[in-house]
Amino acid sequence: MSAAQFGVYVHIPFCAARCDYCDFATWTDRGHLVDDYVAACVRDIEQRALAPATSVFFGGGTPSLLDAAQLTAILDTIARAPDAEVTVECNPDSIDLTKLRAYADAGVNRVSFGVQSMRAHVLAALGRTHDPDNVARAVDAARAAGIDRVNLDLIYGTPGETIADWEATLDAALALEPGHISAYALTVEPGTPLATAVADGARAAPDDDDQATKYEVADERLGAAGLVWYEVSNWARPGDECRHNLLYWEGGDYAAIGCAAHGHEAGRRAWNVRTPERYVDAIARGVSPEAGHEVLDGPGRCAERLVLGIRTAAGIKLPGPGADSSRVATCITDLADLGLVTRVDDRVVLTRRGRLLGNEAATRLLAALDGPSAAVGTR
Amino acid sequence: MPGLERFRNFSIVAHVDHGKSTLADRILELTGAVDPRDMRAQYLDSMDLERERGITIKAQNVRLHWDDHILHLIDTPGHVDFGYEVSRSLAACEGALLLVDASQGIEAQTLANCYLALEHDLTIVAALNKIDLPAAEPDRVAGEIEHVLGIPASEILHISAKTGEGVPALLDALVARIPPPTGDADAPLQALIFDSIYDAYRGVVSSVRVFSGTLSTGARLRYVQAKAVHDAEEIGVRHPAPTPVAALGPGEVGYLIAGIKDVGQARVGETVTNAVRPAEELPGYRDPKPMVFCGLYPVDGDEYAELRESLEKLRLNDSSFTYEPETSGALGFGFRCGFLGLLHMEIVRERLEREYDLSLVATAPNVEYQLQLVDGRIEIVDNPSAMPTPNEIASIEEPYVNVTVLTPTEYIGPIMELCQQRRGEMTRMDYLSEERVELVYVLPLAEIVMDFFDQLKSRTRGYASLDYEPAGYRASNLSKVDVLLNNVPVDAFSTIVHRDKAYDYGKRMTEKLRELIPRQLFDVPIQAAVGGRIIARETVKAKRKDVIAKCYGGDITRKRKLLERQKEGKKRMKQIGRVEVPQEAFVAALRLDD
């Protein structure tokens, strides 16, 4: 990756309704703040002399809930490299051709639709309201507006979803011929309505084995349709990978705009205040919206590279000769024997089984990187 | 020195909760031994554990003045585990005060201790306590005592230790009925140690009763069993505040400090005599013999050294438990410990955790087996994992005990059922009164150490009481059950049970472990086996997925920390063959109560 890559992440913390599983920083009752928030983002960007962005990502929340003019006002402020990738996350329900045209005019060239499932009963179980037919309309509209790069976000493993339901979702999504699909195992995040329902016994917890099977089904079908796996939960037509997200996994630099946004610059990770009120307030008072940061030392950065890199199709580099390399090499051999990794040239890459057991692989490698006491898993 | 005829030495024999400590408190007040301002409940029980559990673990003695007489009250441990200590305390007395709750009746251990007192030719003064309670039935209970001990109901006193009613009359009766001690002050010294405690500043402080001769400060003493000579640094009596005296004559009770650093050198039952003019040893000495064994391990392996130090220190105070290092594949480094009984085991464990701030895991308790091997050798096994393979064993003998249960008649059925389940054979049944019965069984000790007490309590709503005494070894049809994790035996779960119960144990343990052991990268069979034969099997299915679904810009710090934590957790795992098991899983599986 060339050093010139630089991303800008803009967080839009507003939603029309909250999904039961969502633990993102987003609010459904802050409509009155939107104007101030957009103004704060614009001012924040203006005050920071950011390098020209090679990628911009509007995430949320629901960025498409903003008026087109509000979103493009923020985008216009961001200096961009000539061929910058600009993505906006959209709810298929709150998007139309007019808005998409305005996005395209402002430079948006990639949209990501939160689809989750194409089966109504699964959507209901997720606490989502949209009509699966809206997805096709939204994808058509994006293409009509001239935005060719489309991602569909899917969720699998919702209790009540059968294998057939999941296959139907995959097939329906693939029928729309997106260049990119992200498929996530439903995860019970603490503090969400889903977590409460599971704890109360009102809802079943997702089943790891069911999710594993569905992952394998997804990998088969997506691969057969020409979408190649490139990160644990991401598949793309070659060349259509999300450049912005690759920055995250490759340890690249990116700026954080908006509340709860995280940024990274040369080993320094920082995150902004969580609520839109506090972000607006900080910008208005001319102080930094940063809430905290960490600076990793050498071993910390090494651990981070490992846990991020191992998730990707590029994998991680085999260790060169050195004091600790034999232990790491033994660990890799063990992981290969267990069928979790393969060696590709000078790199180590997760197998399909290894992708599902990515935490096991990562923790074993982390342990092998540690001091001599870290013999576990190498016997 | 006062004349012998003015002394009265007595113990109180009573069941837990029948009011012994309250009565001792009243007596201390009435005799002016403790200033009312300094009085506190359970005055003589000094250990926290004693106060909390309402039991006496260590014998105490106190010198009291009543009506121109000098009384030595020797407070004894009441529990079956400490039967030998009780017998030594009784040996120091001429009389025993039998104290029985008038609302409950005599209990099994009380009766056993009474029989012990009678064997020592002690005069028994019986008293019914708690007569102020509405539920008191003094006539019925007096009838029971008359029936089982032959003490005429008319001679039984009625008191309330709580209100003090009848206590002066009781003290008068003790003086009137218990004979004074006898002994020649000029004869060679014979003194009995009936308790020793370790004091961090003074070393070992022993409670002694002089039978003949005179114990003088500065004298050169011979400890017969320990084969050691020590100087009497300080001799004194307890009022109960320790008060040094120049000498103790025959019949007197007091304490002795002789510069000893380890209670093992001044054991209960030891005879102390003069080094230059030794007397004969007093009869009845016995080495304490552990009956119940378990492994003790620190939950945190780093605390092994602390555990060893703590055991060393505790043993200065209690020479009746044993310990030796052992290594467990599942639990790491620890100690195989032997105890007098279950309560003793609990007390030692609790003291280690409390007084030495350790967190411990104990393996299931077991007894000591005598093995006749095929090659003719005899082997003693106190650790199931050290059991030879079945084809090496000709026969196995296990310790049996005579168990006495006293119970209201309505619980006879449930108790008989319990004893039968535990391989018991009834040897006697005796109605103490219309409402209460004595059941005597012979049972394998191993069946008692599992959870017999708890079962007895729950089946009789706490109304039955229990006592047991060793009844020798008997051949039994026993099997060692091994538990294998991915085909590797896990020593901590090996156990020896009767063949009929092997399946139950195997099934219960494999099911428990299946729930507790996290999924691995491969299927992990959990098997219970007797010899080479698998009797139960469960499988922990291979895990297929653990990966975090999403890892974007805002997740990186959190997810890296999560994985670092998981890595640290992995390092703390115990490796059994290829299987990684968190120590907590073993600890949880060893809990008997679940």
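Which members of the stretch B:390-415 meet the condition of being farther than 23 Å from B:N366 by Cα and either among the β-branched types (V, I, T) or within 25 Å of the chain's Cα centre (by Cα) (or both)?
Once the filter is applied, which keeps residues that are farther than 23 Å from B:N366 by Cα and either among the β-branched types (V, I, T) or within 25 Å of the chain's Cα centre (by Cα) (or both), the stretch B:390-415 yields B:L406, B:T407, B:T409, B:I412.
Okay, residues lined up against (1) hydroxyl-bearing (S, T, Y); (2) more than 26 Å from B:E398 (Cβ to Cβ); (3) within 12 Å of the chain's Cα centre (by Cα):
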| site | (1), (2), (3) |
| --- | --- |
| B:L296 | no, no, no |
| B:G301 | no, yes, no |
| B:S320 | yes, no, yes |
| B:Y323 | yes, no, no |
| B:T327 | yes, no, no |
| B:C337 | no, no, no |
| B:I347 | no, no, yes |
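Among the listed residues A:D210, A:D240, which satisfies the condition of being crowded, with 19+ Cβ neighbours inside 10 Å, acidic (D, E) and out of contact with any strand residue (DSSP E or B) (no Cβ under 6 Å at 6 or more places or on another chain)?
Selected residue: A:D210, the only one of A:D210, A:D240 that is crowded, with 19+ Cβ neighbours inside 10 Å, acidic (D, E) and out of contact with any strand residue (DSSP E or B) (no Cβ under 6 Å at 6 or more places or on another chain).
Out of all the residues in the stretch A:278-306, which are basic (K, R) and over 20 Å from A:A266 (Cβ atoms)?
A:R278, A:R285
Scan the stretch A:308-328 and give yes if some residue there is assigned to a helix (DSSP H, G or I), buried (at least 22 other Cβ atoms within 10 Å of the Cβ) and at the interface with another protein chain (Cβ under 8 Å from one of its Cβ atoms), otherwise no.
Checking the stretch A:308-328: not a single residue is assigned to a helix (DSSP H, G or I), buried (at least 22 other Cβ atoms within 10 Å of the Cβ) and at the interface with another protein chain (Cβ under 8 Å from one of its Cβ atoms).
Listed here are the residues, each with its yes/no results for (1) modelled with pLDDT of 95 or more; (2) of a type outside the set (K, R); (3) outside any strand (DSSP E or B).
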| position | (1), (2), (3) |
| --- | --- |
| A:V8 | yes, yes, no |
| A:Y37 | yes, yes, yes |
| A:R43 | yes, no, yes |
| A:E46 | yes, yes, yes |
| A:V56 | yes, yes, no |
| A:A69 | yes, yes, yes |
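Of the conditions (1) β-branched (V, I, T); (2) modelled with pLDDT under 90; (3) assigned to a strand (DSSP E or B), B:I380 clears all except one; give me its number.
The number of the failed condition is (2).
In this structure, is A:L154 within 30 Å of B:K541 (Cα to Cα), assigned to a strand (DSSP E or B) and modelled with pLDDT of 95 or more?
yes
Output yes when any residue across the stretch A:162-172 is within 14 Å of chain B (Cβ to nearest Cβ), in contact (Cβ under 8 Å) with a residue 40 or more places away in the chain and acidic (D, E), and no when none is.
No: the stretch A:162-172 contains no residue that is within 14 Å of chain B (Cβ to nearest Cβ), in contact (Cβ under 8 Å) with a residue 40 or more places away in the chain and acidic (D, E).
Can you pull out every residue in the stretch B:531-548 that is closer than 20 Å to A:P206 by Cβ, free of Cβ contacts under 8 Å to residues at least 24 places away in the same chain and more than 9 Å from chain A (Cβ to nearest Cβ)?
B:A542
When the stretch A:71-89 is examined, which residues are found to be in a helix (DSSP H, G or I) and farther than 28 Å from A:D20 by Cα?
If the condition is that a residue be in a helix (DSSP H, G or I) and farther than 28 Å from A:D20 by Cα, then A:T72, A:A73, A:I74, A:L75, A:D76, A:T77 are the ones that fit.
Within the bounds of the stretch A:94-117, is there any residue that is assigned to a loop (DSSP other than H, G, I, E, B), assigned by TED's automatic domain parsing to the domain that holds A:A138, within 29 Å of A:E167 (Cβ to Cβ) and modelled with pLDDT of 95 or more?
Yes, some residue in the stretch A:94-117 is assigned to a loop (DSSP other than H, G, I, E, B), assigned by TED's automatic domain parsing to the domain that holds A:A138, within 29 Å of A:E167 (Cβ to Cβ) and modelled with pLDDT of 95 or more.
Can you work out which of the residues in the stretch A:1-57 that are within 18 Å of A:I74 (Cα to Cα) and small (G, A, S) is surrounded by the fewest Cβ atoms within 10 Å (Cβ to Cβ)?
Filtering the stretch A:1-57 for residues that are within 18 Å of A:I74 (Cα to Cα) and small (G, A, S), the one surrounded by the fewest Cβ atoms within 10 Å (Cβ to Cβ) comes out as A:A49.
Let me confirm something: among B:R351, B:R308, which residue is part of a helix (DSSP H, G or I), in contact (Cβ under 8 Å) with a residue 12 or more places away in the chain and within 30 Å of B:I235 (Cα to Cα)?
None of the others qualify; the one that does is B:R351.
Given the residues A:D334, A:D281, which is the only one that is more than 14 Å from chain B (Cβ to nearest Cβ) and surrounded by fewer than 19 Cβ atoms within 10 Å (Cβ to Cβ)?
That would be A:D281, the only listed residue that is more than 14 Å from chain B (Cβ to nearest Cβ) and surrounded by fewer than 19 Cβ atoms within 10 Å (Cβ to Cβ).
Can you tell me which residue in the stretch B:383-396 is nearest to B:N477 (Cα to Cα), limited to those that are assigned to a strand (DSSP E or B) and out of contact with any Ser or Thr (no Cβ under 7 Å at 6 or more places or on another chain)?
Top of the filtered list is B:S395.
Can A:E250 be described as within 23 Å of A:F6 (Cα to Cα) and either in contact with a helix residue (DSSP H, G or I) (Cβ under 6 Å, 6 or more places away or on another chain) or within 14 Å of chain B (Cβ to nearest Cβ) (or both)?
Taking the combined requirement at face value, the residue satisfies it.
Report every pair of residues separated by at least 6 positions or lying on different chains whose Cβ atoms are under 6 Å apart, first residue within the stretch B:549-575 and more than 8 Å from every other protein chain (Cβ to nearest Cβ), second part of a helix (DSSP H, G or I) and modelled with pLDDT of 90 or more.
From the stretch B:549-575, no pairs qualify.
Do we find that A:A120 is assigned by TED's automatic domain parsing to the domain that holds A:V232 and modelled with pLDDT of 95 or more in this structure?
It is false that A:A120 is assigned by TED's automatic domain parsing to the domain that holds A:V232 and modelled with pLDDT of 95 or more.
So for the stretch B:319-334 (the condition being in contact with a Phe, Trp or Tyr (Cβ under 9 Å, 6 or more places away or on another chain), closer than 19 Å to B:E584 by Cα, part of a loop (DSSP other than H, G, I, E, B) and among the hydrophobic types (A, V, I, L, M, F, W, C)), does at least one residue qualify?
yes
Quick check on the stretch B:501-530: of everything there that is in contact with a helix residue (DSSP H, G or I) (Cβ under 6 Å, 6 or more places away or on another chain) and within 15 Å of B:N487 (Cβ to Cβ), which residue is farthest from the other protein chains (Cβ to nearest Cβ)?
Going through the qualifying residues, I end up with B:A528.
Of all residues in the stretch A:208-241, which are without any contact (Cβ under 8 Å) to a residue 40 or more places away in the chain and more than 9 Å from every other protein chain (Cβ to nearest Cβ)?
Within the stretch A:208-241, A:E220, A:G223, A:A224, A:G226, A:P238, A:G239 meet the criteria.
Are there strands (runs of 3 or more DSSP E) fully within the stretch B:416-514 with at least 2 residues that are surrounded by 21 or more Cβ atoms within 10 Å (Cβ to Cβ) and of a type outside the set (V, I, T)? List them.
Passing ranges, in order: B:436-444, B:465-476, B:478-485.
Can you give me the ranges of the strands (runs of 3 or more DSSP E) entirely in the stretch B:173-254 with at least 1 residues that are closer than 22 Å to B:L73 by Cβ, within 26 Å of the chain's Cα centre (by Cα) and of a type outside the set (K, R)?
Those strands (runs of 3 or more DSSP E) span B:190-199, B:203-212.
Exactly one of (1) outside any helix (DSSP H, G or I); (2) more than 30 Å from A:T54 (Cβ to Cβ); (3) in contact with a Phe, Trp or Tyr (Cβ under 6 Å, 6 or more places away or on another chain) is unmet by A:T129. Its number?
So the condition that A:T129 fails would be (3).
Given the criteria assigned by TED's automatic domain parsing to the domain that holds A:F24 and closer than 30 Å to A:Y37 by Cα, does A:H244 qualify?
yes
Which one is surrounded by the most Cβ atoms within 10 Å (Cβ to Cβ), of the residues in the stretch A:253-278 that are among the acidic types (D, E) and within 14 Å of another protein chain (Cβ to nearest Cβ)?
The selected residue is A:D253.
The values are calculated or read from the model by the stated rules, or taken from the named source; none is laboratory data. The shown structure was predicted, so the numbers you read here are calculated from the model rather than taken from an experiment. Reconstructed Cβ throughout: ideal geometry from the backbone, glycine too, with neighbour counts over all protein chains shown.
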